[in-house]
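Beneath this line is the structure, given in C-alpha cells, with notes to follow.
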Amino acid sequence: MTGSGTSEREQNFPALLERLRPECEQLVARYERKRSALLPICHLFQLHEGFVSKEAMRAAASMLDLTPAEVEGTVSFYTLFFRRPVGKYVLQVCRGLACSINGAEDLMAYFREKLGVGHLQTTADGTFSYEEVECLAACDRATCMQVNLEFVYDLTPQKIDEMLAAMRAGTYATSPMAQTEAPAATWSVPQDDQVATGRKSSGALGQPSPNNAGGVGDESGIIMLDRILAGDVGFYERTSERAVRDSRAVTEVVEAEKNGGNGASH
Amino acid sequence: MAQVTKVLTAGIGEANLRDIGVYRERGGYKQWQRAIRELQPADVLDLCDKSGLRGRGGAGFPTGRKWQFLPKDKALRYLVCNCDEAEPGTFKDHMLLEEAPHLVLEGILLGSYAIACHHAYIYIRGEFKRGYEIFCAAIEEARAAGYLGKNVFGSEFDIEVTAHRGAGAYICGEETALLNSLEGKRGEPRLKPPFPAVAGLYGAPTVVNNVETLAYLVPILEKGAQWFAAVGTERSKGYKIISISGHVQKPGNYEVPLGTTVRELIDIAGGLRPGRTLAAVQPGGGSSACIFEEHLDLPYDYENMAKAGSMLGSGAFVVFDDTTDFVKAAHNLVRFFAHESCGQCTPCREGGHWMERVLERLVHNRGVPGDLEMLDRVSATITGINLCPLGDSIEPFLKSVLRRFHDQFAERILREETLPA
Ligand SMILES: Cc1cc2nc3c(=O)[nH]c(=O)nc-3n(C[C@H](O)[C@H](O)[C@H](O)COP(=O)(O)O)c2cc1C
Ligand code: SF4
Ligand code: FES
C-alpha cells in the first residue's frame, strides 16, 4: 500500500489538479468564506479520482488555506467520501426500518451471497463495493438502494441478478465510478458467522466506532498510521496552531455578541 | 373518508414542474413578483405569522416567530433551507426537491425577502445527487429569467441562492451541525446559545427552515393567511405532507389538513394488507415513540401526538402490522442513532452502542437475564443530558415497544439452565 515508487494516479495528479483548478476557483467564489468550498471540492476530486486521495486533500488544503489535517479531519466525518479506492460500482442498500420490515434483510443476504462480500467490503476484482446504509428517504418505494448515488427502487432478486450482470458486462445504465487505483485487498473487514451465513445485516466487526465515517471500509486509525509509518508526518503539521486559532475565532464571535456587536479584534 | 389535498403536491406526477415554463403556466413565480412589486418584507412576515405556519422540519416552531428573533440592528443575515432529509421514514423533501424545484426556490426567495437576506443557501443531503443537479438547473433557469441576481424585477433587491451538497451524515440535519457543515467543517452540533438567529452561518444571524416550510409560503401568499389558518386544528394550522410507509398497501406522500385522524391516514394509504391487524404506528419519524390501536381516532396534529406521548416531527408515518418483530425494529433504530451519533457527547456516543449491542444479543435470541432492565436503565440515563436532540431520540421508540410488546423481548432471553458457563 505504502510501497515505494509513485503510482500512475499520483503521477497524473498534478495535471488533473491544473485541469480542475478553474472549477475549484468557481466553487470557492460561490461562498462568502473559502472553507465552505471544502465539501464541493472533495466531491469534485472524488468524481475524477474515484476517491478523495491524499493528494486531493493536500491540494484542497492549499487552495483553502487550511492544513491537510484539517481537511482530512473534516473529510473523515462524512460517509460519502472515500479515502481509499473503492469499486467501480458502489452498491448502497438501504437497511432503514421501512425497508427492513419490507424484506430488505433477505435482499441484503442475497447481495452478500451473490457478491461474496459483506457490508463495507469490496470484491477482489475491484468491481463492487458493498455497503448497507441508513434510510434513503424513499421508503414508499421499499426496498431500495443507490448505485453510485443513483436510486434503484422496488428491489427483487431478479432485479439484482440483472443489475449485477449488466454491471459486469459494462452495459448498466449508471456509469461506473472513476477508478484511478485498484482497491487494496485490506479493504476486507472480518465477518462474524451470522454475516457469513447471510442472516445478519451488521457485518463489520472491529469497525472503529462511533464515527464509522469515511465510507466504504473506513479504517481511520489505520490510514493515519500508514502515513506516520511512511514518514509522512508533515501531513499533520500546524495542527495545534490552527486548533488554537479556530477556537479563538468562535470565542470572538460570542464575545462580540456580548459586547453589543463591536467587531472582533485580531 | 378524509380527503387528500393538493397544495404543494399539485401537479406532481402530472406535469413536468422542473421546467420553468410549465411551472410559470401554473402560476409559478407570480407571488415572487407580487412580493417584490407590491409588498414590503414586513408584509410577507406578517402573512406568514398570521397563517399560523409552523416549521415542518421536526420541531414545529412557529415560522413567523422564528424570523422575528433576528436582531433588528444587523443588516447581514442568512436564510438556510434545510434539505438534509434523513429522518427514518421521511421522504417529502426529497420529492419536492426533485419534482417541484421551482416551488422550493420560490419559497426560498420569499423567505429571503421577508427577513431581508441577500444570500440564501440550501443544504441538500449528499445522497440526493440527482436532486442537487435538478435544483442547480432550476437556479440557473430562474437566474436567466431574472428572478434572482441583482435588482430583481428592476427593484433594489439583490438575492443570490447557492445550493450546497452534503456528504452523508444524518446529524447535518440538525441546524447548527448543518451550519458547521456548510462552513466546510465536521458536522458537529454547536452549543446553544448562541442560537443561529443570533450567531449562525459565519457568525451572522441566520434562520434555518425546512424545505416544506418555505414552500408553503407560496400558496400562503397566493391565497392569504386566512385560507391557511382556516384549516387544521386550534394550534396546528394548515396542511402537511405526510410520508406514509411500512405495512400499508399504497405507501407514499399524502398532503392532508393537520388534524386528519390516524385511522384516516392509514386508510388514505390503502389500509393494511388483507388479513393483517395493526400493531403500532410510529407517527413522527425514527425519533418518535409508537402509538397504538387506542390512538387511532386521535387527530394527527402537534398537540395530540404530544399528548399521546409521541410527536408529529417531520410527518414520517410508519405503520407496523402484526407480523412485525419489534425486537428487530428496536435494534434497527437504535443502531441508526448509534451509527449517526457525531460522538461529541459521551452518553449519546457510548450509550447508543451499548444498547445496540444488547439489542443485537436479543435479536439473536441470546439475551441474558437483566438485559431488559439494563435497556431501560441505560436509555433513561442517556436521555436529556446531551448537546443536541439526537441523543434523546434513542429512547422513545425502544421504550414504547418494550412496554407494549414486552413478551417479544422477554422470550429472547436465555434461561438460566441454557446460559453458557
Ligand atoms: C438530529 C436532527 C436531525 C434533523 N434533521 C432535519 C432534517 O433532515 N430536515 C429538517 O428540515 N430539519 C431537521 N432537523 C430540525 C432542524 O434542526 C431545524 O429545527 C429545522 O430545520 C428548522 O426548520 P423549520 O422551523 O422549518 O422546521 C433535525 C434536527 C435534529 C436534532
Ligand atoms: S447528542 Fe449525539 S449527535 Fe448530538 S451532539 Fe451529542 S454526540 Fe453529537
Ligand atoms: S427505510 Fe429504506 S428508504 Fe427509508
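The values are calculated or read from the model by the stated rules, or taken from the named source; none is laboratory data. Since the structure is predicted, the reported quantities are computational estimates derived from the model, not experimental observations. Positions of Cβ are backbone-derived with ideal geometry, glycine not excepted, and every protein chain shown enters the neighbour counts.
Could you list, in sequence order, all residues of region A:68-94 that are more than 16 Å from ligand 3 (Cβ to nearest atom), more than 13 Å from chain B (Cβ to nearest Cβ) and not aromatic (F, W, Y)? A:P68, A:R84, A:P85, A:V86, A:G87, A:K88, listed by residue number.
Considering B:P396, B:P389, which residue is touching a residue at least 60 places away in the same chain (Cβ under 8 Å), part of a helix (DSSP H, G or I) and closer than 24 Å to B:T176 by Cβ? Explain how you work it out, then say what you get.
On the way: B:P389 fails: part of a helix (DSSP H, G or I).
Of the residues listed, the single one that is touching a residue at least 60 places away in the same chain (Cβ under 8 Å), part of a helix (DSSP H, G or I) and closer than 24 Å to B:T176 by Cβ is B:P396.
Let's see how each residue does on (1) among the acidic types (D, E); (2) under 21 Å from the mean Cα position of the chain (by Cα); (3) on the phi > 0 side of the Ramachandran plot:
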residue: B:I268; (1), (2), (3): no, yes, no
residue: B:R276; (1), (2), (3): no, no, no
residue: B:G284; (1), (2), (3): no, yes, no
residue: B:F292; (1), (2), (3): no, no, no
residue: B:F317; (1), (2), (3): no, yes, no
residue: B:F337; (1), (2), (3): no, yes, no
residue: B:E340; (1), (2), (3): yes, yes, no
residue: B:G351; (1), (2), (3): no, no, no
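Listed here are the residues, each with its yes/no results for (1) of a type outside the set (D, E); (2) under 21 Å from B:Y216 (Cβ atoms); (3) crowded, with 17+ Cβ neighbours inside 10 Å.
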residue	(1), (2), (3)
B:I266	yes, no, yes
B:G270	yes, no, no
B:G275	yes, no, no
B:S310	yes, no, yes
B:G315	yes, yes, yes
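In the condition set (1) surrounded by 18 or more Cβ atoms within 10 Å (Cβ to Cβ); (2) more than 16 Å from ligand 1 (Cβ to nearest atom); (3) not aliphatic (A, V, I, L, M), B:D322 is compliant with all but (1). Condition check: within 16 Å of ligand 2 (Cβ to nearest atom) and in the same structural domain as B:S181 (by TED's automatic domain parsing). Does B:D73 satisfy that? In short, no. Within region B:171-194, the set of residues being away from ligand 2 (no atom under 12 Å from the Cβ), assigned to a loop (DSSP other than H, G, I, E, B) and modelled with pLDDT of 95 or more comprises B:E183, B:G184, B:K185. The helices (runs of 4 or more DSSP H) found wholly in region B:261-362 and carrying at least 1 residues that are modelled with pLDDT of 95 or more and within 16 Å of ligand 3 (Cβ to nearest atom) occupy B:326-340. Does any residue in region B:257-268 that is farther than 11 Å from B:L296 by Cα come within less than 8 Å, Cβ to Cβ, of a residue that is among the acidic types (D, E) six or more places away or on a different chain, and which pairs are these? Short answer, once both residue conditions are applied: B:L258/B:D301; B:G259/B:D301.
Could we say that B:V358 is of a type in the set (V, I, T), over 21 Å from B:E174 (Cα atoms) and free of Cβ contacts under 8 Å to residues at least 40 places away in the same chain here? Walk me through how you get there before you give the answer.
Details: of a type in the set (V, I, T): yes; over 21 Å from B:E174 (Cα atoms): yes; free of Cβ contacts under 8 Å to residues at least 40 places away in the same chain: yes.
So B:V358 passes the test.
Checked against (1) farther than 30 Å from B:K185 by Cβ; (2) more than 14 Å from chain A (Cβ to nearest Cβ); (3) free of Cβ contacts under 8 Å to residues at least 12 places away in the same chain, B:A380 passes all but a single condition, namely (3).
Exactly one residue among B:G352, B:G286, B:G343 is touching a Ser or Thr at 6+ places or on another chain (Cβ under 6 Å) and within 16 Å of ligand 1 (Cβ to nearest atom), and that residue is B:G352. Checking every residue in region B:363-373 against the condition of being away from ligand 1 (no atom under 16 Å from the Cβ), without any contact (Cβ under 8 Å) to a residue 40 or more places away in the chain and more than 10 Å from chain A (Cβ to nearest Cβ) gives at least one match.
B:S243 fulfils the conditions (1) within 18 Å of the chain's Cα centre (by Cα); (2) in a loop (DSSP other than H, G, I, E, B) except for a single criterion, (2).
Name the single residue, out of those in region A:110-119 being over 29 Å from B:D93 (Cα atoms) and assigned to a loop (DSSP other than H, G, I, E, B), that is nearest to ligand 2 (Cβ to nearest atom). The selected residue is A:G118.
Matching residues to (1) within 16 Å of ligand 3 (Cβ to nearest atom); (2) at pLDDT 95 or above; (3) away from chain B (no Cβ under 11 Å):
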residue	(1), (2), (3)
A:E134	yes, yes, no
A:C139	yes, yes, no
A:E150	yes, yes, no
A:K159	yes, yes, yes
A:G170	no, no, yes
A:P176	no, yes, yes
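For the criterion of being within 16 Å of ligand 3 (Cβ to nearest atom), part of a helix (DSSP H, G or I) and not assigned by TED's automatic domain parsing to the domain that holds B:G309, B:R377 fails. Within 13 Å of another protein chain (Cβ to nearest Cβ) and either more than 19 Å from the chain's Cα centre (by Cα) or not small (G, A, S) (or both) - does that describe any residue in region B:106-118? Checked against the condition, which is being within 13 Å of another protein chain (Cβ to nearest Cβ) and either more than 19 Å from the chain's Cα centre (by Cα) or not small (G, A, S) (or both), region B:106-118 yields at least one hit.
Hey, among the residues in region B:195-225 that are without any contact (Cβ under 8 Å) to a residue 60 or more places away in the chain and farther than 20 Å from B:P389 by Cα, which one's nearest to ligand 2 (Cβ to nearest atom)? Restricting to residues being without any contact (Cβ under 8 Å) to a residue 60 or more places away in the chain and farther than 20 Å from B:P389 by Cα, the top hit is B:G203. All conditions in (1) touching a Ser or Thr at 6+ places or on another chain (Cβ under 7 Å); (2) at positive phi hold for A:D65, with the sole exception of (1).
Do the conditions hold for B:P189, that is, is it within 12 Å of ligand 1 (Cβ to nearest atom) and touching a residue at least 12 places away in the same chain (Cβ under 8 Å)?
Values: within 12 Å of ligand 1 (Cβ to nearest atom): yes; touching a residue at least 12 places away in the same chain (Cβ under 8 Å): yes.
So B:P189 fits the description; yes.
Is it the case that A:S62 is under 19 Å from B:S181 (Cβ atoms), among the polar types (S, T, N, Q) and surrounded by fewer than 24 Cβ atoms within 10 Å (Cβ to Cβ)? Break it down stepwise before answering.
Numbers: under 19 Å from B:S181 (Cβ atoms): no; among the polar types (S, T, N, Q): yes; surrounded by fewer than 24 Cβ atoms within 10 Å (Cβ to Cβ): yes.
So A:S62 does not fit the description; no.
Annotation for region A:120-142: at least one member residue is outside the structural domain of A:E55 (by TED's automatic domain parsing), part of a strand (DSSP E or B) and either of a type in the set (A, V, I, L, M, F, W, C) or over 21 Å from the mean Cα position of the chain (by Cα) (or both).
So that you can scan it fast, the table gives a plain yes or no per residue for (1) farther than 20 Å from A:V133 by Cα; (2) among the acidic types (D, E); (3) more than 7 Å from every other protein chain (Cβ to nearest Cβ):
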residue	(1), (2), (3)
B:G309	yes, no, yes
B:S314	yes, no, yes
B:D322	yes, yes, yes
B:D325	yes, yes, yes
B:N332	no, no, no
B:F337	no, no, yes
B:Q344	yes, no, yes
B:R349	no, no, no
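The single condition from (1) within 16 Å of ligand 2 (Cβ to nearest atom); (2) within 10 Å of another protein chain (Cβ to nearest Cβ); (3) of a type in the set (G, A, S) that B:A269 fails is (1). Of all the residues in region A:150-169, those that are free of Cβ contacts under 8 Å to residues at least 24 places away in the same chain and either more than 19 Å from A:E113 (Cα to Cα) or part of a strand (DSSP E or B) (or both) number 5. Take region B:196-218 and flag every residue that is within 11 Å of chain A (Cβ to nearest Cβ) and either more than 23 Å from B:R56 (Cβ to Cβ) or hydrophobic (A, V, I, L, M, F, W, C) (or both). If the condition is that a residue be within 11 Å of chain A (Cβ to nearest Cβ) and either more than 23 Å from B:R56 (Cβ to Cβ) or hydrophobic (A, V, I, L, M, F, W, C) (or both), then B:V198, B:A199, B:L201, B:Y202, B:G203, B:A204 are the ones that fit.
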